[in-house]
Amino acid sequence: MPELRWVGKEKVVNHHLDVPFRTLRNVYTFASEGHAAASRGDAGGNKIIHGDNLEALKALLPEYEGRVKCIYIDPPYNTGNENWIYNDNVNDPKLKKWLGQVVGREGEDLSRHDKWLCMMYPRLKLLRRLLADDGVIVVSIDDTEVHNLRHLLDEIFGSRNFIANIVWQKRYVSNVTAKFLSDMHDHILVYSRNIENVKVKRLERTEEQLKDYKNPDEDPRGLWRAQDLSASKPYNAGRFEIVTPAGLTVTPPPGRYWRCNREQYDKWIADNRIWFGKSGNGRPMLKSFLEELKNGITPNTWWTYEMAGHNKEATLELKTIFDGASPFDTPKPVKLLSQIFEHFCSKDSCILDSFAGSGTTAHAVLKLNQQDGGNRKFILIETMDYAENITAERARRVMNGYGEAGKRIAGTGGSFDYYEIGQPLFLDDGNLNETLCIDEIRRYVAYTENIPHVQQTARDNPHTSYLLGMANDTAYIFYYEPTRSTTLDLEFLSTLNFKPAASVIYADNCLLGRAFMQRHHITFKKIPRDITRF
């Protein structure tokens, strides 16, 4: 497969592994008016995280790896107008020169595309780890970087997992100040983790579409509509002669090809699938039966502003929410995000947006849940300082309701937890950060042992407060106390209220003999030496 090269690539390919693991610090829990008050840290799964999205994505791994059904991101388009800054702490002199500098315009900053690629690569690597096996990642982008983004996604997710390039009509009128042509569209790239497991919701048939279905030849299979048998896509096997029932010989029009080979055509003829008009001399058309569309109509990749909103609509939505102010320059319309989530998510999906901006993703999730009774959850990450007064504030107002009297939009209800990036799990000397909450450390160790989240055990379980969980008939025990040293010995074993078939026990020291541990299928791991770093 062709490989995209750029300045700094070799330094960022594994940068996501070098990012220190940090915890998430719960700042507050918000619950809407009339909503059952959520206890701190328990808002039902909705999260808004303020901080570097690379660190935040890594912090989410212990709880969410492989569990996110849909990832939507709207990263910087790198147009030169966004004033974004490359700030990743990559250990390389070339890249360190970029730190703190605003990425310039085309022709002014010769490394601008290198910086953008270096920023995107490690984030996409972590996003892939969070994505469920039947999940999709959806990325908004414009013409500036779409070619580079396609290469990145092909490399990280695999070219076979490409689903579509949706073209969204973001403007409803032309840009009269455009130098050459008015840019009327954005690209929305869709990739999967495993394309074999992806399901896309089909569209319901409209009355207008049903009008196209007739049955002029009284086919017993019912109503059908005709599709031109020729297409513009080059197909060498589609250049053969067809003889109509009335004896007329026809070939594809200039520059077009039959959409099938001779063998497939003969099968369609035998199945009465080809229509030549009532005279028998019309151009050949392929029948498409209404009965075959029981599951709905396949969505297409051209999304007009009528069906998915437009940029001005997004700005007006934000102004309505913020009492006439427009605190964010480039929001996306709720209709666009709703369209994406309806196609690619179920009603109980976890949806992640690591470039949250004005918080449209949360708005769309809450609105969809209000409309269909769904239980979708959102996780929003925003690096900039407006995470609290724009991103989170929008979610609060959508939950409580907004707008002037007489035009007020009813609240959706709901709650969310607001987090900031916390302290690193490991100190510079390699020891555990003992100021952290024990549950954070336990969750991390359970994750490194591949204990599924649903199989992890709380400290108040009936066996021992040190039990992390059970997996593959093995008990994982984390005998850790931040204020004293712990020792795996017979006295500690006697405190366990169960006898697992096998056990992995973490402690500071071990006084058990090797033969004894082998006989009882005990594996000792020393704290912090044997805790896996990732």
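Couple of notes before you dig in:
- Any hit, the range 227-234, residues being surrounded by 16 or more Cβ atoms within 10 Å (Cβ to Cβ) and either of a type outside the set (Asp, Glu) or not assigned by TED's automatic domain parsing to the domain that holds Gly66 (or both): yes
- Identity of the residue in the range 240-250, of a type outside the set (Ser, Thr, Tyr) and loosely packed, with under 15 Cβ neighbours inside 10 Å, that ends up nearest to Tyr213 (Cα to Cα): Pro245
Residues are listed down the side, and each one gets a yes or a no for (1) outside the structural domain of Gly413 (by TED's automatic domain parsing); (2) more than 17 Å from the chain's Cα centre (by Cα); (3) among the small types (Gly, Ala, Ser); (4) at pLDDT below 95:
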position: Asn14; (1), (2), (3), (4): yes, yes, no, yes
position: Ala37; (1), (2), (3), (4): no, yes, yes, yes
position: Asp74; (1), (2), (3), (4): no, no, no, no
position: Pro93; (1), (2), (3), (4): yes, yes, no, yes
position: Trp98; (1), (2), (3), (4): yes, yes, no, yes
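- Residue that is nearest to the chain's Cα centre (by Cα), among those in the range 262-292 that are in contact (Cβ under 8 Å) with a residue 60 or more places away in the chain and buried (at least 17 other Cβ atoms within 10 Å of the Cβ): Leu290
- Test: residue in the range 338-356 that is without any contact (Cβ under 8 Å) to a residue 40 or more places away in the chain and under 16 Å from Val138 (Cβ atoms): yes
- Of all residues in the range 107-145 being in the same structural domain as Ala164 (by TED's automatic domain parsing) and of a type in the set (S, T, N, Q), the one that is modelled with the lowest pLDDT: Thr144
- The residues listed here are Thr330, Thr315; of these, the one that is in the same structural domain as Gln370 (by TED's automatic domain parsing), free of Cβ contacts under 8 Å to residues at least 24 places away in the same chain, among the polar types (S, T, N, Q) and surrounded by 15 or more Cβ atoms within 10 Å (Cβ to Cβ) is Thr315.
- Residue within the range 434-443 that is buried (at least 21 other Cβ atoms within 10 Å of the Cβ), in contact (Cβ under 8 Å) with a residue 12 or more places away in the chain and over 24 Å from the mean Cα position of the chain (by Cα) present: yes
- Top-ranked residue of the range 482-509 - restricted to ones that are hydrophobic (A, V, I, L, M, F, W, C) and buried (at least 18 other Cβ atoms within 10 Å of the Cβ), ranked as nearest to Leu432 (Cα to Cα): Ala507
- Residue in the range 231-244 that is closer than 23 Å to Ile297 by Cβ, touching a strand residue (DSSP E or B) at 6+ places or on another chain (Cβ under 9 Å) and not in a loop (DSSP other than H, G, I, E, B) present: yes
- Where Arg283 falls short, out of the listed (1) assigned to a loop (DSSP other than H, G, I, E, B); (2) in contact with a helix residue (DSSP H, G or I) (Cβ under 8 Å, 6 or more places away or on another chain); (3) over 20 Å from Lys201 (Cβ atoms): (2)
- Here Gly413 clears all of (1) outside the structural domain of Cys350 (by TED's automatic domain parsing); (2) in a loop (DSSP other than H, G, I, E, B); (3) surrounded by fewer than 21 Cβ atoms within 10 Å (Cβ to Cβ); (4) not acidic (Asp, Glu) except the condition numbered (1).
- Qualifying strands (runs of 3 or more DSSP E) (wholly inside the range 117-222; at least 3 residues being within 26 Å of Asp52 (Cβ to Cβ)): 131-141, 185-192
- Candidates are the residues of the range 251-261 that are assigned to a loop (DSSP other than H, G, I, E, B) and either free of Cβ contacts under 8 Å to residues at least 24 places away in the same chain or touching a Gly at 6+ places or on another chain (Cβ under 8 Å) (or both); the one that is surrounded by the fewest Cβ atoms within 10 Å (Cβ to Cβ) is Pro254.
The values are calculated or read from the model by the stated rules, or taken from the named source; none is laboratory data. Predicted model only: the values in this text are computed from it and were never measured. No Cβ is skipped: glycine too gets one built from the backbone with ideal geometry, and neighbour counts run over all protein chains shown.
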